[in-house]
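What follows is a set of notes on a single structure, which appears directly below.
The values are calculated or read from the model by the stated rules, or taken from the named source; none is laboratory data. Predicted model only: the values in this text are computed from it and were never measured. Here Cβ is always computed from backbone atoms with ideal geometry, including for glycine, and neighbour counts include all displayed protein chains. Keep in mind that these areas ignore ligands, DNA and RNA; they rest on the heavy atoms of the full protein, side chains included. Shrake-Rupley method; radii C 1.70, N 1.55, O 1.52, S 1.80 Å.
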Amino acid sequence: WTLSHLCDGPAYHISAVIYCAGGVRCLASALTPRNGLIPRLVELLLHPNPKVGKPALRAVGNVVCADCTNDHGGRFADRPHLPIVDFTEIILDCGAVPRLRRLIGSPSREIQKEACWTLSNIAAGTSSQIEAVLASGAVPPLAAIVNDPSTDKEVRSEACWVVLNATSCGNDSQIRRLIGEGCVGVLGVLLGESNM
């Protein structure tokens, strides 16, 4: 949970989690996301104990939805040794999307909701980030979640956001694929949701 809270803070906190491993002070020459904590957090997404998996999921979700922009030439003014990069790309490079796709089928409502929320933030990104969501095979189960009347309302809402963001930010080819995978019906469900 400590890491999830750090990843909910300013971008330089997230960069510290991304670039520093296990309490070892990072040297500028060793700065690489592969040496940081993100690969381990991604690995823990599928941990069988929800007391481990849920905070790992929240931490990954917080990294994905964080604003990583600044006005200091790609570095933090007060921490120039920490480079600023697209945080979502780091999460994707560590293989999180297939794990998130598995988590949307979790029997836990909270895990489902967090996984959909994280995927919705990825789907609000670049074409290549949307492509990662599409390639994972997440869209058909998301459409099934939305179309199942017994689905929890908050889970349905987050699943709808994945499709909405992908259609809003995707290219023509991606939108055609979304249509082919049943997303017109999902967008139809959105029209009936007062909170959407």
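Some observations on this one:
- Residue ID - farthest from ALA115 (Cα to Cα), chosen from residues in the stretch 13-45 that are open to solvent by 50 Å² or more (accessible area, probe 1.4 Å) and at pLDDT 80 or above: HIS13
- Of ALA135, ALA96, all but one fail to be over 13 Å from the mean Cα position of the chain (by Cα) and at pLDDT 95 or above; the exception is ALA135.
- Qualifying residue in the stretch 104-124 (condition: surrounded by 21 or more Cβ atoms within 10 Å (Cβ to Cβ) and part of a loop (DSSP other than H, G, I, E, B)): yes
- Any hit, the stretch 68-83, residues being under 24 Å from VAL186 (Cβ atoms) and either open to solvent by less than 60 Å² (accessible area, probe 1.4 Å) or modelled with pLDDT of 95 or more (or both): no
- Inside the stretch 153-178, residues that are under 19 Å from the mean Cα position of the chain (by Cα) and of a type in the set (D, E, K, R) make up a count of 3.
- Of all residues in the stretch 135-152, those being part of a helix (DSSP H, G or I) and open to solvent by less than 60 Å² (accessible area, probe 1.4 Å) number 7.
- Residue list for the stretch 153-176, filter: assigned to a helix (DSSP H, G or I) and surrounded by fewer than 18 Cβ atoms within 10 Å (Cβ to Cβ): LYS153, GLU154, SER168, CYS169, ASP172, SER173, ILE175, ARG176
- Residue within the stretch 141-156 that is touching a residue at least 60 places away in the same chain (Cβ under 8 Å) and touching a helix residue (DSSP H, G or I) at 6+ places or on another chain (Cβ under 8 Å) present: no
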